[in-house]
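Q: Have a look at this one.
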Protein chains: 4
Amino acid sequence: MAMTHTLHTQDPAPVERPIRVTVWNEFRHEKTDPRVAAIYPHGIHGAIARHLQTQPGIEVATATLDEPEHGLPPARLDRTDVLIWWGHQAHEAVADQVVDRVVGRVLAGMGLVALHSAHLSRPFVRLMGTSCMLRWREAGERERIWVVEPGHPIAAGLDECIEIEHAEMYGERFDIPAPDTLVFLSWFQGGEVFRSGCCFHRGAGKIFYFRPGHEIYPIYHHLQVLRVIANAVRWAAPVAAGPVLFGRVEPREPLG
Amino acid sequence: MAMTHTLHTQDPAPVERPIRVTVWNEFRHEKTDPRVAAIYPHGIHGAIARHLQTQPGIEVATATLDEPEHGLPPARLDRTDVLIWWGHQAHEAVADQVVDRVVGRVLAGMGLVALHSAHLSRPFVRLMGTSCMLRWREAGERERIWVVEPGHPIAAGLDECIEIEHAEMYGERFDIPAPDTLVFLSWFQGGEVFRSGCCFHRGAGKIFYFRPGHEIYPIYHHLQVLRVIANAVRWAAPVAAGPVLFGRVEPREPLG
Amino acid sequence: MAMTHTLHTQDPAPVERPIRVTVWNEFRHEKTDPRVAAIYPHGIHGAIARHLQTQPGIEVATATLDEPEHGLPPARLDRTDVLIWWGHQAHEAVADQVVDRVVGRVLAGMGLVALHSAHLSRPFVRLMGTSCMLRWREAGERERIWVVEPGHPIAAGLDECIEIEHAEMYGERFDIPAPDTLVFLSWFQGGEVFRSGCCFHRGAGKIFYFRPGHEIYPIYHHLQVLRVIANAVRWAAPVAAGPVLFGRVEPREPLG
Amino acid sequence: MAMTHTLHTQDPAPVERPIRVTVWNEFRHEKTDPRVAAIYPHGIHGAIARHLQTQPGIEVATATLDEPEHGLPPARLDRTDVLIWWGHQAHEAVADQVVDRVVGRVLAGMGLVALHSAHLSRPFVRLMGTSCMLRWREAGERERIWVVEPGHPIAAGLDECIEIEHAEMYGERFDIPAPDTLVFLSWFQGGEVFRSGCCFHRGAGKIFYFRPGHEIYPIYHHLQVLRVIANAVRWAAPVAAGPVLFGRVEPREPLG
């Protein structure tokens, strides 16, 4: 380890200002598939942003893949407390530089909410360190998302489970590190289970992976799903931490 | 399992009302030892309560061992979102009925902040299921409490470590279950280490064990220690959960 | 904390001798219900013991509720590295003294494998510190037990999931502390999920809770279920630890 | 997710054959610094390998940075159950292809024991997903490594702590994900603490990070340090898992 290094942590949301959320969307399905456009006329990011805007103490912006720097230049991340990420078919189109930037911001304290197929998004995979592979099936089957940690703030306001009538299936083995806290487990009609609400601390940042979502099924119009996303934003918001110092240090006690 | 049972979770703090804290103190040292009375003229509970009263969105009451029902009748717990507990020499004087009541409330969602020698308090030991024993020494030595999870809300606003000039030593092995999240680690001048900030989910409730404290050393006048206690209160406050149902249930899907 | 105390840890299984298992069974259903007797003519304990006896490096004894001291006098526990526990209808018949003894041994290093309805057994509930309640249904439905931690020794030799054609359902919310490691998740035909393979460290001991089992369904003749129990025995066996010391200690470094 | 994929898990060590360990060493200090050569005349890898060779059921090979493919061609990893890694000044010299290979093998079940400055080795950092930075100081101060999980197999045979008279200091904040199990905590004379024995499950593999070590201080001649490394090898050895399947799957239950 060659030199002293200071990690300047994310400027936290003070009590007196809103949490600033950026909803990032690949935004390609919506432009090429009329079925998706019919369900999400303003994009998946638009549907999520519109809901979050109704929530007290949350301020929302959006960004998409085909904007310059994918809509995530440093200036945008400077004004982002929590980044929500939805991607599916174009993970590989996200530039190295933006992946590095997002990962660096999360380690410095920015919250990240990774939705559904973002399990294979480049920032999420990098932060997990594993393959993040899973089993899947598109058959429009029933999903039931059970609360396993009812005292967790991300479960606030929910009933014992959320029912989704038509969902893509994601099944175990889900190749992630064991989450620091497991909040939800999914049941699928076809016979599988899945860890569908997973909290991780990484660096000074907090990450929530939330399984529900799809480009065809209208999952992001489901009120309980939207409630979880809003809860996750509040949980993942950075706290007022000082800079975290690394590198060579002097002793605080006499040696010898 | 003989019958259906519903756990009525604690009524949570809605956004629009303060978190209601009850600071419980054994309150015996202060009455018998003039050195303790000099440092805590209104009791340890008084010192902690006075600080919390200055915090926005927190409402404070106190309760002590020698009040009827130890100051914790059901009506008091009905108005308690988070219970702070300090006990030391009279753990065994706490009545079974009150222990049962406190444990039941925590499982139903009430927060519990156990301070210092409350590691051997009856409610904490019951909720842990282990001996909660440790090593100790009273020699007025230096303690340094390091933040190991800088993104955790209980570490908000702290520097990299808290220094306490004169402290009682608590050392590992601390016989607790591994905490769900480890926030602080203590260093002691005499050669020991200790897991001094430990988060636990138990039932629908959240528990934070925080090591610093003593009846002679003026630990609860230390601003960073008080900051941690206030942070812990916000973290441990119940969330708006529905009742958690247990017992026999009907299938949600056709069988056969 | 009044006095110095040494926890004499369980004498571990040295490499050169077998792991000594005691299979404990309530053993009442088998005596009163001919359907149970037909499936388990030598009792549930007999079925499990017979399998373990075929495993290299494992030595087996049994004990039942209606023996003196429930078959668990100190001399029996002195020769027990891992205790397997099955109880269902008579949890309350287990004497305080035996509960204390078993809990003390686990904290001192003895392994405990709690099967199925032992989630409400007195030693398990005491060691967890929570209600250990859950939802249930007896409808002979299908269960599929998925491996979520394929590198864990308790999952050794299994396929991706174990299928059980007719099972009692146990569903979340299961009111336990989050396990230190979650190895299995169950899917049920009627729509529920369950954390069905849970590892806990408590004191110097290791505990594995394993959901499958029933007095009517022939679960303990299922080879993969038996394989998990044998794996759990090896995982839970005590390690060669020195005594764990608690209480007042002298400084190891000069103070001053 | 474009296609079905099977992760062929590592061929496990069956009961009847030894655990095959490869000790990897950067092996540069020893060739350029006579002080290091004096302490480790056969390299750090040689010292560790020599000890492991004396252990029953363990078979040892070594590999070093300056061999072709850094001594880690596929054929070598095919015969490696557990890889021990020591690197310090030349982390960046490890080729991408070898990093990918090692990471892939760990996810498929190979054990990894990362020693001391290997906290910044490329495979370890990739598998953690965080910066793995820490604080440090080279002042030859005293370290005391406390056992916090006495029932864990990696702590087998140890006393309550290991004392190291002269050590490099590593201090918190250590920027890793919270370990699945925390086995050791270090105390340092100069005032810092450190999580110095950390277990992680990643993919089907197990990783143990162990702090002690240095090129100048004779840490790898310390018998208790060597004992921990041997324990870690046994803990990290792969289990007999079937292949883990990912990708598109058919339903196991009728849909509709």
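Q: Restricting attention to the stretch A:201-256, report how many residues are surrounded by fewer than 23 Cβ atoms within 10 Å (Cβ to Cβ), at the interface with chain D (Cβ under 9 Å from one of its Cβ atoms) and in contact with a Ser or Thr (Cβ under 6 Å, 6 or more places away or on another chain).
A: The qualifying residues number 3.
Q: When the residues of the stretch D:109-134 are filtered to those that are of a type in the set (A, V, I, L, M, F, W, C) and open to solvent by 10 Å² or more (accessible area, probe 1.4 Å), which remaining residue is nearest to the other protein chains (Cβ to nearest Cβ)?
A: Applying the filter and picking the extreme gives D:133.
Q: Of (1) assigned to a helix (DSSP H, G or I); (2) on the phi > 0 side of the Ramachandran plot; (3) small (Gly, Ala, Ser), residue B:230 satisfies all except one. Which?
A: Of everything listed in (1) assigned to a helix (DSSP H, G or I); (2) on the phi > 0 side of the Ramachandran plot; (3) small (Gly, Ala, Ser), residue B:230 misses just condition (2).
Q: Of the residues A:194, A:174, A:184, A:188, which is touching an Asp or Glu at 6+ places or on another chain (Cβ under 9 Å) and facing chain D (nearest Cβ under 10 Å)?
A: Answer to the check: A:188.
Q: Check whether at least one residue in the stretch B:185-196 is among the aliphatic types (A, V, I, L, M) and touching a Gly at 6+ places or on another chain (Cβ under 6 Å), and report yes or no.
A: no
Q: With the requirement that a residue be open to solvent by 40 Å² or more (accessible area, probe 1.4 Å) and of a type in the set (Ser, Thr, Tyr), what does the stretch C:63-81 give you?
A: none
Q: For the stretch C:135-149, how many residues are within 20 Å of the chain's Cα centre (by Cα), open to solvent by less than 10 Å² (accessible area, probe 1.4 Å) and at the interface with another protein chain (Cβ under 8 Å from one of its Cβ atoms)?
A: Residues that pass the stated criteria total 3.
Q: Which strands (runs of 3 or more DSSP E) sit wholly inside the stretch C:140-220 and have at least 2 residues that are closer than 26 Å to residue A:162 by Cα?
A: Filter on the stretch C:140-220 gives C:161-171, C:181-188, C:193-202.
The values are calculated or read from the model by the stated rules, or taken from the named source; none is laboratory data. Quantities reported herein were computed from a predicted structural model and do not represent experimental measurements. Using ideal geometry, Cβ is built from the backbone for each residue, glycine included, and neighbour counts are taken over all protein chains shown. Quick note on the areas: whole protein, heavy atoms, side chains included, nothing else; ligands and nucleic acids left out. Shrake-Rupley method; radii C 1.70, N 1.55, O 1.52, S 1.80 Å.
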